[in-house]
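First the structure, in the form of structure tokens, and then the observations on it.
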Amino acid sequence: MTQDINMQWITAICDHYEIGRPVGELKPVSGGLLHRMWELRTTTGHFALKLLNPEIMSREGVIANYMLSERIAAAAAMAGIPVVSAKRVNDNPLNQISDTTVMLFDWIDGSVLAPSDCRTEHASMIGTVLHNIHHMNFREQPVPVWKSFGPEHWKSLAEEGIRKGERWAQQIDSGLPELLVWNERFVGASSVLNQRLTVGHRDLNPKNVIWKERYHPYIIDWEAAGPTNPTMELLDAALSWSGLDAGQVNKELFLAMINAYRKAGGNALTNVEEGFYGRMGGMLDWLEYNMRRSLRTDIFGESEQRLGTEQVQLTFSSLKELAANIEVWSEWVNQGN
């Protein structure tokens, strides 16, 4: 991410979106793991500016995916779901300023919860919101892409990590047999999960919800929105809000979300074990991306490399926690079915 942030460039953004003149300098917003976010004040309002990662934007089909995700966000807003969607110029949510693709959003005054601050009330509200997303009126029927990697790809990344002395290399190399089993089980689960689909947010974790006052959530970052299996996405969200990434899942929070989803009218959850392995597939995809981000400074740059190194270690630990507890957590879910 090499965009030179200067007043001329900021003014060009303001002119493009017709939002007045900039007031003061851009302020960085922490928390993004893929893109860069900035707080922008102008003579007409208060905005969040997202600078999209050029490596992500260079991938085949990514523009179409972003356009789909914004259509899903618009449908969610029509359904009464509290959405923060991108501003459009000529009906386009993605806009090119110099060599950088940007998105602009209204600023929401509120806070993002740290995992340790999540309460059952928060988990319950998100469970209800997720049910409403899954049951909104969206006429398109996009086809999901279940992304997986072969054993040789994982082995080559681990070997390259060892050659380059990466901090995570020994951990991944020694855990490679487990990783390959997880990958195989995800591939098997994906064909089952594909039989029951809806559209979802697909990244409904605490960092993507802004709480205005105490219990008024606004759902942000819809860029991953698309087709999903509803059981898989509910389990994904329940694990995120109950502490998986912090290293220990809180049963009360986990079940609060599951039960709120059911109370809102969600059908009995089907293929629960496959749903957990589907969630694992998303984590494996994130692990692979961060291994490459850690290794390829020529593509990603030093700051991205540091972030990649950190995320490899955190993600692999979360994968081990998930794999060790699928049977127990499946029992929690099935007791209520």
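Here are the numbers for this structure:
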{"item": "DSSP-assigned coil residues among GluC sites (Glu not before Pro) in the stretch 122-206, each with at most 16 further Cβ atoms within 10 Å", "result": "140"}
{"item": "Accessible surface, per residue, of the chain when the full set of protein chains is kept, probe 1.4 Å, Å²", "result": "47 Å²"}
{"item": "With every protein chain in place, the chain: carbon and sulfur % of accessible area (1.4 Å)", "result": "48 percent"}
{"item": "Gained length - residue 88 relative to residue 148, 0.36 nm times residue gap less alpha-carbon distance", "result": "18.2 nm"}
{"item": "Solvent accessible area, Å² - residue 262, 1.4 Å probe, full protein context", "result": "40 Å²"}
{"item": "Neighbour-limited loop hits for trypsin sites (Lys or Arg not before Pro), the stretch 69-145 (at most 16 other Cβ within 10 Å; DSSP other than H, G, I, E, B)", "result": "87, 88, 119, 139"}
{"item": "Nearby lysines by direct alpha-carbon distance to residue 147 (threshold 29 angstrom, same-chain neighbours under 8 apart not counted)", "result": "50, 155, 164, 207, 320"}
{"item": "Most mobile of 12, 73, 169 in a GNM of the chain (Cα contacts under 10 Å)", "result": "12"}
{"item": "Within the chain, helix-based [θ] at 222 nm, where runs of 4 or more DSSP H residues each add -39,500 (n - 2.57), nearest 500", "result": "-16500 deg cm²/dmol"}
{"item": "Bins of 10 Å from zero: percent of alpha-carbon pairs in the chain", "result": "5, 24, 33, 26, 10, 1"}
{"item": "Relative contact order of the chain, pairs being alpha-carbon contacts under 8 Å that are 6 or more residues apart, as %", "result": "18 percent"}
{"item": "Amide H contacts of residue 83 (H built 1.01 Å from N, under 5 Å, at least 5 apart or other chain)", "result": "219"}
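The values are calculated or read from the model by the stated rules, or taken from the named source; none is laboratory data. Just so we're clear, the structure is a prediction, and the values are computed from it rather than from any experiment. Note that we place each Cβ from the backbone using ideal geometry, even for glycine, and neighbour counts take in every protein chain shown. Quick note on the areas: whole protein, heavy atoms, side chains included, nothing else; ligands and nucleic acids left out. Shrake-Rupley method; radii C 1.70, N 1.55, O 1.52, S 1.80 Å.
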